[in-house]
Amino acid sequence: MLCRNGRILGLELVSPQNSKRLRCSIAVFVCWAFVVASGLTFFIFHFALAKQAIRLDLDLPLPRYLWDIAKSTTRAERLSCAAAIVVLAVCIILIVYFTVVSKKHANAVVDVAPHEWYITKKMWLAPKFINDEKTEFTPVKLIIIAHTVSPECNLFVNCAAEMVNLQNYFTTHYGYDLPYNFVIGNEGRVYEGRSWEIIGAHTSGYNRCSLGLAFIGDYREGLPSYSKVTSLQLQRAQMLLDKGVELGYIDKDYQVVGAKDLASSYSPGTNLYREIQKWPHYAHNNTFRGKTCEEIYNRALPHTTTSTPRTVEINETTTLL
C-alpha cells in the first residue's frame, strides 16, 4: 500500500520506470530510518541526558555548553547520538535526491525508435493482412487529411501499440485493413498504414484516387479534452508528402483537403483543420467535392468500377458508409 499511493516526506513513491521496485524500497527505508533516527535523538536528549541537565551552567556560551554535554555522556551514548545524526543526514540526502534529481530523470524519458521519423509496418509489428489492391490513378493528386479519434500516444512504444489497436479494430469490426495510407503519431513520427499506391478506405468516393493521411487523436476543439496538433507533426507530414513527390507516388501539383471538405464529417477536427489550411498545397477553392475520381483526373468513366470497402470514422457522431 505504501508503495502504490501518494508521496511521503516529499518522495515520489510511484515510478513509471523499470526501477519502480527499487525506488519504492529505498523510499520505505528512508521513512523507517527517519523514524528510528528521530526516536534515538529524542531518547538521548530527553532521557539519557536528563540527569545531567541539573549540573549544567546555562550561562555558558553555546559551544562550551555543548562540549560539557558531550563530556558528561558515556561512550555508548555518544556513539548512539552520532549514529542518529548520520542516519538523519542520509535521510535528508535521499529526500533531496528523490524530490529533485530523480524527478528530472523521470521527466527526461528516452524515446527510442527504429527510425528517426519513418516507421514501417514491420517496425510497429503490424498483424499480417493481405491488402494489395493498387490504385490506377498515379501519381495521386489528392491528399485527404483525417484524424483517428483514438487515444493519444507520445512515445514510440505507445504509438506502435495504438497502431496495432487501430488495425485490430477495423479488421475485427469491418473486415478490412487500417483505412489510412499513413498515420502521424503525437510524438511526430510517420507510421506506415496501407502505404503508397494501395487503395484506402477513409473517404467514401475518393479512396481510389487519393492518399489518406491521418493524425492520431481527436482534434475537435470544444471537447473536455482534445488533441492539439504540434509543429513536429506538421513538419513530418510535409516531409512525407515531399518524399512521395520525390519517389513519384504523389503529383508535384498535389492538393490537400480535410475529410470534411469532401463529405459530412468533423474530421480532421477543428485545430488540425485550421493548420492544414495554412499549407501551400491546400485546396481553398475545394473543386473536388461531388466529383468522381475520373472527373478529377479527366478520364472517361469505365464500364465497370472497382468496389471499395465502406468507410467508417470511429467514435464520431457522423459516419461515412
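Assorted remarks:
- Scan of segment 116-132 for residues that are buried (at least 19 other Cβ atoms within 10 Å of the Cβ) and closer than 24 Å to LYS252 by Cα, ordered by number: ILE119
- The residue of segment 278-294 that is farthest from THR135 (Cα to Cα), among those that are of a type in the set (D, E, K, R) and out of contact with any Asp or Glu (no Cβ under 7 Å at 6 or more places or on another chain), is LYS278.
- Scanning segment 231-277 for residues that are closer than 22 Å to VAL149 by Cα and either assigned to a loop (DSSP other than H, G, I, E, B) or of a type in the set (Asp, Glu) (or both) yields a total of 11.
- Test for ALA82: is it among the small types (Gly, Ala, Ser) and at pLDDT 80 or above: no
- Counted residues, segment 171-199 - those being surrounded by 20 or more Cβ atoms within 10 Å (Cβ to Cβ) and in a helix (DSSP H, G or I): 0
- Flag for LYS291 being under 29 Å from SER150 (Cα atoms), among the basic types (Lys, Arg), at pLDDT below 95 and in the same structural domain as VAL149 (by TED's automatic domain parsing): no
The values are calculated or read from the model by the stated rules, or taken from the named source; none is laboratory data. The structure displayed is predicted, hence computed values, not measured ones. Neighbour counts are summed over all protein chains in view; Cβ atoms, including those assigned to glycine, are modelled from backbone coordinates with ideal geometry.
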